[in-house]
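K.L.:
Sending over a structure as structure tokens; questions will come in a sec.
The values are calculated or read from the model by the stated rules, or taken from the named source; none is laboratory data. Please read these numbers as outputs of a predicted model, since none were measured by experiment. Here the Cβ positions follow ideal geometry from the backbone for every residue, glycine too, while neighbour counts run over all protein chains shown.
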Amino acid sequence: MRHRSRSFMRGGAVALALALAATISIAGQTQSGAQSAAPAKAPVAKAAPASAAAGKTYKAPRTPDGQPDLQGFWTNSTYVPLQRPNGVTKEIYTPEEAEAAIKAAAAREAEQTEPGTTADVHYDFTQFGLDRSQSTFARNMRTSLIVDPPDGKIPPVNAAGQKRQQERAAARKAAGGQYDNVENMPIGSRCIIMGGAGPPMMNAGYNANYQIVQAPGYVMILTEMIHDVRIIPLDGRAQQPSGVKQWVGLSRGRWEGETLVVETTNFNGKNAFQGSSENLKVTERFTRTADDSISYRFTVEDPQTWDRPWTAEAPLAKTDGPIFEFACHETNYGIANILAGARADEKKAAEQKKGSN
Amino acid sequence: MRMKLAVGIAAAGLLLGVAELHAHHAFAAEFDVNRPLTLKGTLVKWEMVNPHSWFHIDVKDKDGKVTPWMVEGGSPNQLIRMGVTKTTVPVGTELVIEGYQAKDGTMKAVGRNFVLADGKRLFLGGSAGGVSDPAKAK
Amino acid sequence: MMRNRFLVVLIVAAVVSGVSLAVDRVTAQQAAVQSTAQAYRAPRTPDGKPNLNGIWQTMNTANWNIEAHPAGPSPVRDLGASGAVPAGLGIVEGGEIPYLPAARKKQQENYANRLKLDPEIKCYLPGVPRSTYQGMPFQIIQSTKHIMLIHEFAGAVRTIYMAEQTEAPADSWMGWSNGRWEGETLVVDTKGFNDLSWFDRAGNFHSDALHVVERFTPRSAETITYEATIEDPKVFSRPWKMSMPLYKHVERNAQILEFRCVEFVEDLLYGHLRKQPAK
């Protein structure tokens, strides 16, 4: 059952008689004023370079009610890690380095797994077009998404944060094995919310897509994974009392010129971003920098976890819709299968033990 | 020096995505690495749901007895963006699926590789390969 | 001479105003008759369409049973009066849902087993039009190309495609909606349903052939007339219709809050697979 290494595909390798309307475009797009244009031998993914430099000369079209228009389908799919890798000191790659990094990562993603290994017990992402190279990704020349602190790393966790981490680890241990019951399983597997739904919005690995729709007084962001929606009011209302806490917190937005500034507090702490507490405050800044890109910048503050705020930048690239319904919980056979499988394993182990007695 | 850097970065970048993906769904806990199988059957329904779609197939054994199986595949959403619909894979399509059976021994599996009767891979990727070694097919 | 001319002017003016008063009265009478048909003209969005933006909710007991029904006990004894069923005059035009005979039997079976079968209990997506009258608020976010309906229950999302009208790529719980404007009315045509949602807690159901056409017509600054025509030849002998007002949330700072009910039903769904303590 050894599967051959997949070579980069062009367009869609259609297996069936009925033609698939492949919408993948091939070469990377070039952008005027960007730090670098995609070289001719760009990877096959459609990549929309995002650049702050381009943002200065670009003025976004307006919605009918006069907001800068952020509407459409966007992705934050990226190969850039949150934190700068060890051994890398520069902030921005050269175009050649960035291309090489993308190519190597894409090749690794396309590598086929070895039969009989745990990694092989999975459907093949490339078969369903879910690997990053087969859909749009947001080109980003940075070596890390974190831009502040300047070393590209999350600041050290302070004493209160460490205490909380220890308490959470102890609680996890006391709860038992990961497959003892549904409550011990990851919240994403349970279809409650994906870890990276945020805010801040983090790359989901696949289906990392969003739809933004604006109406007078509101910006709506629909996250593809588990159909998460944030409706952000722009009327300057006060934050809610601390009694209302939500998985995605409560967001309030305002326009500062061309930039949508969204402040979110009132997190319930159950989907703790990077180990943060309920006191987390996230400030996001959305600025349309080109027809096909939005600059997305977020600052994270939590004095109960870090002694200083930190900031990251993860551009959004325009992509295609639609976002099809993500009815995760409704067809979550996986949870039942996993729990049943764990119980079957335990039963087998118990019987073997009995047999050997 | 540059090449080394590139590999290092690529690994780190890949780790970010892969770690999230694996955390989401522990396939190795649902399906048994020690129960590899190859199923040959006809499609009854492709349940196009998220985050994982399910292929319901009828598998006929050599005596003609039909057993329904359900096989887990990937999200249909990117395929939908490429124009795939519920009629793209017609009911009755013959499929050969290499994968691993559910740990609890029921007629469920994860599809590592979905291949059509003519040997072509379903949907995307790979060169025409299908079941590469008939000797390995069960 | 001057006084005569003045008198003439007065008389003419009186006659003219008398005639125009009479004309006004006739027009007013016609307007009164037409007022139900004559739509209230809603304020416009900046792109010139009737403005449906806002947070809306129904005030009826349709989610318990869309047909007329008396009050009744809770299916869960321990909930007592809190879980009991309030009476309702029904929202189905003509009174009864025109089921095919076999389908009516299935509805009755559904009702008898509703605690096990009602998808709402499991926090499954509510489908259409149940999401409208489910009893929790929803927000309409109206843009030119897309109108979004965001429901508090389970965060259910409906995308109404206004610009490009396309076919459902696959079946879903909330269907695939194409929308268009007909004067003051938003018409939403939805197909591509799976057969898994119900219309209410009484087991009223549909197949995957369900086709729903909704009409949203503003009737005042804070109400919308909502109508839905249901068609499903596998289940009903003919199309049938329901209608009800939608009421706007007018309190300051009104907003849709989270009702992520998955957490609330996990023990119900998976508790039997829990690891039991070692004996």
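K.L.:
If you take the residues in region C:88-111 that are in contact (Cβ under 8 Å) with a residue 60 or more places away in the chain and closer than 28 Å to C:Glu152 by Cα, which one is farthest from the other protein chains (Cβ to nearest Cβ)?
P.N.:
Checked region C:88-111; the qualifying residue farthest from the other protein chains (Cβ to nearest Cβ) is C:Glu93.
K.L.:
Output the residues belonging to region A:80-109 that are of a type in the set (Gly, Ala, Ser) and touching a Gly at 6+ places or on another chain (Cβ under 8 Å).
P.N.:
Across region A:80-109, the qualifying residues are A:Gly87, A:Ala101, A:Ala105.
K.L.:
Sticking with this one: In region C:70-87, which residue that is in contact (Cβ under 8 Å) with a residue 24 or more places away in the chain and touching a strand residue (DSSP E or B) at 6+ places or on another chain (Cβ under 8 Å) is farthest from C:Ala154 (Cα to Cα)?
P.N.:
So the residue we want is C:Ala87.
K.L.:
Restricting attention to region A:195-207, which residues are of a type outside the set (S, T, N, Q) and within 11 Å of chain B (Cβ to nearest Cβ)?
P.N.:
Selection gives A:Gly195, A:Gly196, A:Met202, A:Ala204, A:Gly205, A:Tyr206.
K.L.:
Inside region A:62-83, can you point out the residues that are more than 17 Å from the chain's Cα centre (by Cα) and more than 7 Å from every other protein chain (Cβ to nearest Cβ)?
P.N.:
A:Arg62, A:Thr63, A:Gly66, A:Gln67, A:Pro68, A:Asp69, A:Leu70, A:Gly72 - these are the residues of region A:62-83 that are more than 17 Å from the chain's Cα centre (by Cα) and more than 7 Å from every other protein chain (Cβ to nearest Cβ).
K.L.:
Quick check: is even one residue across region A:88-97 closer than 30 Å to A:Arg288 by Cβ, more than 11 Å from chain B (Cβ to nearest Cβ) and in contact with a helix residue (DSSP H, G or I) (Cβ under 9 Å, 6 or more places away or on another chain)?
P.N.:
Looking through region A:88-97, at least one residue is closer than 30 Å to A:Arg288 by Cβ, more than 11 Å from chain B (Cβ to nearest Cβ) and in contact with a helix residue (DSSP H, G or I) (Cβ under 9 Å, 6 or more places away or on another chain).
K.L.:
Which numbered condition in (1) within 21 Å of A:Glu330 (Cβ to Cβ); (2) out of contact with any His (no Cβ under 6 Å at 6 or more places or on another chain); (3) at the interface with chain A (Cβ under 8 Å from one of its Cβ atoms) is the only one that B:Thr85 fails?
P.N.:
(3)
Here is a yes/no grid of residues against (1) in contact (Cβ under 8 Å) with a residue 40 or more places away in the chain; (2) within 14 Å of chain B (Cβ to nearest Cβ); (3) more than 21 Å from C:His151 (Cβ to Cβ); (4) crowded, with 18+ Cβ neighbours inside 10 Å:
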| residue | (1), (2), (3), (4) |
| --- | --- |
| C:Leu196 | yes, yes, no, yes |
| C:Ser207 | no, no, yes, no |
| C:His249 | yes, no, no, no |
| C:Phe259 | yes, no, no, no |
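K.L.:
Return the pair list, or none, for Cβ contacts closer than 7 Å from residues in region C:232-246 that are within 16 Å of C:Phe205 (Cβ to Cβ) to residues that are assigned to a loop (DSSP other than H, G, I, E, B) and among the charged types (D, E, K, R), at least 6 apart or on different chains.
P.N.:
So the pair list comes out as C:Trp240/C:Glu93; C:Met242/C:Glu93.
K.L.:
How many residues, within region C:163-187, are among the charged types (D, E, K, R) and either in contact with a Gly (Cβ under 9 Å, 6 or more places away or on another chain) or assigned to a loop (DSSP other than H, G, I, E, B) (or both)?
P.N.:
Matching residues across region C:163-187 total 4.
K.L.:
Can you go through B:Leu43, B:Leu37, B:Leu95 and tell me which one is touching a residue at least 60 places away in the same chain (Cβ under 8 Å) and more than 9 Å from every other protein chain (Cβ to nearest Cβ)?
P.N.:
Checking each option against the conditions leaves just B:Leu37.
Per-residue answers, yes or no, for (1) at pLDDT 95 or above; (2) farther than 28 Å from C:Met244 by Cβ; (3) in contact with a strand residue (DSSP E or B) (Cβ under 6 Å, 6 or more places away or on another chain):
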{"position": "C:Ser17", "(1), (2), (3)": "no, yes, no"}
{"position": "C:Gln29", "(1), (2), (3)": "no, yes, no"}
{"position": "C:Ala42", "(1), (2), (3)": "yes, no, yes"}
{"position": "C:Ala68", "(1), (2), (3)": "yes, no, no"}
{"position": "C:Gly90", "(1), (2), (3)": "yes, no, no"}
{"position": "C:Leu100", "(1), (2), (3)": "yes, no, no"}
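K.L.:
What do you reckon, is B:Ala128 in contact with a helix residue (DSSP H, G or I) (Cβ under 6 Å, 6 or more places away or on another chain) and either modelled with pLDDT of 95 or more or of a type in the set (Gly, Ala, Ser) (or both)?
P.N.:
no
K.L.:
For C:Val212, only one of the following conditions fails: (1) crowded, with 16+ Cβ neighbours inside 10 Å; (2) facing chain A (nearest Cβ under 9 Å); (3) of a type outside the set (D, E, K, R). What is its number?
P.N.:
(2)
K.L.:
Can you confirm whether A:Gly196 is of a type outside the set (Phe, Trp, Tyr) and in a helix (DSSP H, G or I)?
P.N.:
yes
K.L.:
Scan region A:323-357 residue by residue and report those that are without any contact (Cβ under 8 Å) to a residue 24 or more places away in the chain and under 18 Å from the mean Cα position of the chain (by Cα).
P.N.:
Across region A:323-357, the qualifying residue is only A:Phe324.
K.L.:
Of (1) more than 8 Å from every other protein chain (Cβ to nearest Cβ); (2) more than 15 Å from C:Met148 (Cβ to Cβ); (3) among the β-branched types (Val, Ile, Thr), A:Ile192 satisfies all except one. Which?
P.N.:
Looking at each condition in turn, A:Ile192 falls short on (1).
K.L.:
Can you confirm whether C:Asp200 is touching a Ser or Thr at 6+ places or on another chain (Cβ under 6 Å), crowded, with 16+ Cβ neighbours inside 10 Å and more than 9 Å from chain A (Cβ to nearest Cβ)?
P.N.:
no
K.L.:
Considering only residues that are surrounded by 17 or more Cβ atoms within 10 Å (Cβ to Cβ) and among the charged types (D, E, K, R), look in region B:105-126 and name the one that is nearest to A:Ile335 (Cα to Cα).
P.N.:
Of everything passing the filter in region B:105-126, B:Lys108 is nearest to A:Ile335 (Cα to Cα).
K.L.:
Another question, if that's okay. Looking at C:Asp195, C:Asp189, C:Asp118, C:Asp208, which is the one that is at pLDDT 95 or above and under 16 Å from the mean Cα position of the chain (by Cα)?
P.N.:
C:Asp189
K.L.:
May I ask you to list the residues in region B:58-81 that are touching a residue at least 12 places away in the same chain (Cβ under 8 Å) and closer than 29 Å to A:Ala204 by Cβ?
P.N.:
Result: B:Met70, B:Val71, B:Glu72, B:Gly73, B:Gly74, B:Ser75, B:Pro76, B:Asn77, B:Leu79, B:Ile80.
K.L.:
Within region C:261-270, can you find the residues that are over 30 Å from A:Arg237 (Cβ atoms), free of Cβ contacts under 8 Å to residues at least 12 places away in the same chain and either exposed (fewer than 13 other Cβ atoms within 10 Å of the Cβ) or facing chain A (nearest Cβ under 7 Å) (or both)?
P.N.:
Result: C:Glu266, C:Tyr270.
K.L.:
Same structure, new question: Could you check region A:228-246 and list, in sequence order, the residues that are touching an Asp or Glu at 6+ places or on another chain (Cβ under 7 Å) and either in a strand (DSSP E or B) or within 8 Å of chain C (Cβ to nearest Cβ) (or both)?
P.N.:
A:Gln246
K.L.:
Would you check if there is a residue in region A:206-225 being of a type in the set (S, T, N, Q), part of a loop (DSSP other than H, G, I, E, B) and modelled with pLDDT under 95?
P.N.:
Checked region A:206-225: at least one residue is of a type in the set (S, T, N, Q), part of a loop (DSSP other than H, G, I, E, B) and modelled with pLDDT under 95.
K.L.:
Do we have C:Arg180 as surrounded by fewer than 21 Cβ atoms within 10 Å (Cβ to Cβ) and among the basic types (Lys, Arg) here?
P.N.:
Answer is yes for this residue.
K.L.:
Select from region A:96-114 the residues that are surrounded by fewer than 18 Cβ atoms within 10 Å (Cβ to Cβ) and either in contact with a strand residue (DSSP E or B) (Cβ under 6 Å, 6 or more places away or on another chain) or touching a residue at least 40 places away in the same chain (Cβ under 8 Å) (or both) and list them in ascending order.
P.N.:
A:Glu96, A:Glu111, A:Thr113, A:Glu114
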